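The values are calculated or read from the model by the stated rules, or taken from the named source; none is laboratory data. Keep in mind the model is a prediction, meaning the values are calculated, not measured. Note that each Cβ is placed from the backbone with ideal geometry, even for glycine, and that neighbours are counted across all protein chains shown.
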Amino acid sequence: MELKWTLLLLGLFLESRESHTCGIGFKSENKSCVDTDECVMDPGVCGNHAQCFNTPGSYYCTCDEGFQSTPPNFTQTTGQCLDINECLVGTYECSADLECVNTIGSFNCSCPKGYKTSRLDAGCEDVDECLSSVCGVHSSCFNTAGGFLCTCSPGFVEHENSTCADIDECKDNLDICGTNAQCRNKVGSYNCECHQGYSNYGNNQSKCIEMSCDQFKAESDVESTPETLKHLRALLRSSCESLRTANGSRKTGEQLLENVCTSSNELLSEGKIADGETLNQFLDVVENSMRLIGPQLKDPVTRMETHNTFAEVAVMRGQTPPSGRVTLRTDSALFSTSWETVVGKSYPGFVFAALVSYKDLNSSRDLLHKMSRERPDDEERSVTYQLNSKVVTAVVSNAETKQLSEPVMLVFTHEEERAESKGVAYSCVYWDEGAWSGRGCERAWSNSTHTACSCSHLSSFAVLMALYPVQDTFELVLMTHLGLALSLVCLFLCILTFKFCRSIQGTRTSIHLHLSISLFIADLVFLCGISSTHNQVACGIVAGLLHFFFLSAFCWMLLEGVQLYRMVVMVFHTTLKHLYMYLVGYGVPLVIVIISAISFPAGYGTKRHCWLSLDQNFIWSFLAPVCIIVVLNSFVFTITVWKLAEKFSSLNPDLSKLRNIKGFTVTAVAQFCILGGTWVFGSFLFYEKVTQVALYLFTILNSLQGVIIFIMHCLLSKPVRDEYYKLISRICSLKEKKYSEFSTNHSSNSQQPLRSNPTTGESKI
């Protein structure tokens, strides 16, 4: 470059010497001075990244875009062009997720290191370096935003040369397996090999605890133990023994859980759990099986459901005990507690919590009745109990569950939606060696669909519904006594009428007579003995008499329907043999009562009333015949009314007979609807859901049955009214005759002359 300038100056000097008239930047040409174009003479006169511009007698240089010089216009001797760093001076324009990269004379916008351009041109996306083997063996790659991290796998430690080496856990921590196991190191891990009689339930890196399989011994079986339960116990014992010896032939936790659910489903479906002893065995086996199965399950939460069983088990493993809440749910209950309660005082390295619900596990009334031993007041009040939830079993790995440091919460779904009232109360109970008990469990809250229980121990739980008998009010008792007393008077009048009124004698009158006799005796027994519950034998006799005579009344009503049918349909064949009537009216009820007494003698008499018991549906020994008679009479009366209407529409009806039959039919149908319908309506009053209106209606109508019969068959009957009129007339005439005789005698005596005593002169009257 200096040589070029030297030659240029030398040429100019020589040219100036030849022509002393031309100045610098000009040249002599044809004896005149012409401007010299320095940019043409030397294209690189301005250097790189610059443009040369000629001027008269000189030139100047300007830098290209992206370059700068000082001053802006320069010559070679005064400056040069330098690159502008747009990324440094801030004159670039890039989007937020791109960064500026300076280039010679310009800049580029590109993604930062560790990122790449998105396929959708939506900016930059992270490059996952872990997709390629960027980390060594025994290490794990973790992708980060714009980079990655390499960490050694568990059981390995990083050396200075960034390689991972195995950790000898058995050497570094002598107590890692405890005193009941032998620690065996392996590449990246270790195993705890339990001593004989100890087990860590397949959790090879947990401490070993002593275990016993005595709870699955077959010696606890009795003759009544179902074969399915025996087989399940033997299977669990075999699996338990394999855990103690670690021979590797045991079934997995999932397989055992499936076996337990299948066996439970079979036992519940076949109804083989019918007594307290079998129920004890069943619930103990389920609880012990959960303690055996829970630690062996692989998943954190395992659910299994069959037709009659639902189980959910949660398992936690780790070097440190878990904390927080654990909640398990089945189809009918929720179980909530803390992991601290599940762990207890010691933590071997694994814990579990299990909840099992049974769909068809119903407790017998005898077992439910044992609740009264805890509540003597309920025994006196004749309170009955029934389960209103599915039975559930709650099990945790903590062995000390008889008195928990923190109560557990169970929320049950009611089987029958029913709100608490004066007659209904809910309580939380657990199965306590043969009976349901409420000790240690308190009801937190309850509504018509759910009940929440807070319990300080764990076992098998349920919600018990106590049904308190509705106490008879004074008004109801008074109404019953007055109505029955009035009915007895009316029935007595009916009996006298039907027995001695000659003008109405016949088959229908005989039926009415025996109907009145049956109701009279039934009402009298009811009035005198329905509350004689203090003597069990007497109460049973009263219930039996009521059973017989009320059934007899219905049978006589059936005979009345048959008689009407014969009168209307069978061309007025109106005679029924008295022997047949007595066999139906008294024989059929007697047979029913005898069979009922032999089959279930305890059904006669309850703790509240001397009537039929609801146990074993014994009440249907009365309701079933009543319903049959009501159906038959409904059919007979329907046909009778239809045939009667046909006879009235005929051309030459015997109007006198038809009117009589019409009157008989109307009274019979009315009697049937009132008397029979009352009992069918009242049959539902023996169950718990009774409204006050229904109770009062039944009491009024049933206590006035005698009055209704007297009105329909006596007062509304013209022949009977005529007989009453004749009887009253005779009585009145007798009274008048006696009165007239008395008056005549008195007047004749008064008309006789007074006789004087000759001695005293006094008159004799």
Inset, instruction - For Thr606, indicate whether it is in contact with an Asp or Glu (Cβ under 9 Å, 6 or more places away or on another chain) and assigned by TED's automatic domain parsing to the domain that holds Phe492. - result: yes
Inset, instruction - Give just the number: which of (1) surrounded by 13 or more Cβ atoms within 10 Å (Cβ to Cβ); (2) assigned to a loop (DSSP other than H, G, I, E, B) does Phe148 not satisfy? - result: (2)
Inset, instruction - Could you please let me know if Ser269 is in contact (Cβ under 8 Å) with a residue 24 or more places away in the chain, surrounded by fewer than 16 Cβ atoms within 10 Å (Cβ to Cβ), assigned by TED's automatic domain parsing to the domain that holds Leu236 and small (Gly, Ala, Ser)? - result: yes
Legend entry - Only one of Gly188, Gly155 that is at positive phi, surrounded by fewer than 17 Cβ atoms within 10 Å (Cβ to Cβ) and in contact with a His (Cβ under 9 Å, 6 or more places away or on another chain): Gly188
Legend entry - Matching residues in the range 525-540 - criterion: being surrounded by 15 or more Cβ atoms within 10 Å (Cβ to Cβ) and either out of contact with any Phe, Trp or Tyr (no Cβ under 8 Å at 6 or more places or on another chain) or under 15 Å from Ser613 (Cβ atoms) (or both): Phe526, Leu527, Gly529, Ile530, Ser531, Ser532, Thr533, Cys539, Gly540
Inset, instruction - Would you mind finding the one in Asn185, Asn180, Asn173, Asn161 that is of a type outside the set (D, E, K, R), more than 30 Å from Glu86 (Cα to Cα) and touching an Asp or Glu at 6+ places or on another chain (Cβ under 6 Å)? - result: Asn185
Legend entry - Residue count, the range 94-141 (criterion: closer than 26 Å to His49 by Cα and free of Cβ contacts under 8 Å to residues at least 12 places away in the same chain): 2
Inset, instruction - Can you work out which of the residues in the range 330-348 that are among the charged types (D, E, K, R) and assigned to a loop (DSSP other than H, G, I, E, B) is nearest to Thr302 (Cα to Cα)? - result: Asp331
Legend entry - In the range 589-618, the residues that are part of a loop (DSSP other than H, G, I, E, B) and closer than 17 Å to Phe526 by Cα: Gly605, Thr606, Lys607, Arg608, His609, Cys610, Trp611, Ser613
Inset, instruction - Answer yes if at least one residue in the range 651-660 is buried (at least 19 other Cβ atoms within 10 Å of the Cβ) and modelled with pLDDT under 80, and no otherwise. - result: no
Inset, instruction - Could you please find all residues in the range 700-716 being surrounded by 20 or more Cβ atoms within 10 Å (Cβ to Cβ) and not aromatic (Phe, Trp, Tyr)? - result: Asn702, Ser703, Leu704, Gln705, Gly706, Ile709, His713, Cys714
Inset, instruction - Look at Asp172 and say whether it is more than 51 Å from the chain's Cα centre (by Cα) and closer than 30 Å to Ser397 by Cβ. - result: yes
Inset, instruction - Hand me the list of strands (runs of 3 or more DSSP E) wholly inside the range 372-455 holding 2 or more residues that are modelled with pLDDT under 90. - result: 384-387, 424-431
Legend entry - Qualifying residues in the range 492-507 (those that are in a helix (DSSP H, G or I) and either of a type in the set (A, V, I, L, M, F, W, C) or on the phi > 0 side of the Ramachandran plot (or both)) - the one modelled with the lowest pLDDT: Ile504
Legend entry - Filter result for Thr575 (closer than 24 Å to Lys718 by Cβ and outside any helix (DSSP H, G or I)): yes
Inset, instruction - Would you check if there is a residue in the range 300-321 being free of Cβ contacts under 8 Å to residues at least 24 places away in the same chain, farther than 26 Å from Tyr190 by Cα and surrounded by fewer than 16 Cβ atoms within 10 Å (Cβ to Cβ)? - result: yes
Legend entry - Any chance Val127 is β-branched (Val, Ile, Thr) and in contact with a Phe, Trp or Tyr (Cβ under 7 Å, 6 or more places away or on another chain): yes
Inset, instruction - Mind listing just one residue for me: the one in the range 290-329 that is assigned to a loop (DSSP other than H, G, I, E, B) and among the polar types (S, T, N, Q) and, of those, farthest from Thr413 (Cα to Cα)? - result: Gln319
Inset, instruction - Kindly establish whether Val568 is surrounded by 23 or more Cβ atoms within 10 Å (Cβ to Cβ), in contact with a strand residue (DSSP E or B) (Cβ under 9 Å, 6 or more places away or on another chain) and farther than 17 Å from Gln505 by Cα. - result: no
Legend entry - Odd one out for Phe53, checked against (1) touching a strand residue (DSSP E or B) at 6+ places or on another chain (Cβ under 9 Å); (2) assigned to a loop (DSSP other than H, G, I, E, B); (3) not basic (Lys, Arg): (2)
Legend entry - First in the range 202-213 and outside the structural domain of Val351 (by TED's automatic domain parsing), second anywhere and surrounded by fewer than 18 Cβ atoms within 10 Å (Cβ to Cβ) and polar (S, T, N, Q), Cβ under 6 Å, 6 or more apart: Asn204/Asn191
Inset, instruction - Would you check which residues across the range 158-167 are touching a His at 6+ places or on another chain (Cβ under 9 Å) and surrounded by fewer than 16 Cβ atoms within 10 Å (Cβ to Cβ) and list them? - result: Thr163, Ala165
Inset, instruction - Could you tell me which numbered condition Ser510 fails, if it satisfies all but one of (1) hydroxyl-bearing (Ser, Thr, Tyr); (2) at pLDDT 85 or above; (3) touching a helix residue (DSSP H, G or I) at 6+ places or on another chain (Cβ under 6 Å)? - result: (3)
Legend entry - Conditions (1) in a loop (DSSP other than H, G, I, E, B); (2) touching a Lys or Arg at 6+ places or on another chain (Cβ under 7 Å); (3) hydrophobic (A, V, I, L, M, F, W, C): number failed by Leu458: (2)
Legend entry - Per-region count, the range 178-212, residues more than 21 Å from Val351 (Cβ to Cβ) and hydrophobic (A, V, I, L, M, F, W, C): 2
Inset, instruction - Residues being touching a helix residue (DSSP H, G or I) at 6+ places or on another chain (Cβ under 7 Å), in a helix (DSSP H, G or I) and either at pLDDT below 85 or closer than 21 Å to Glu433 by Cβ (or both): count how many of those fall in the range 237-282. - result: 5
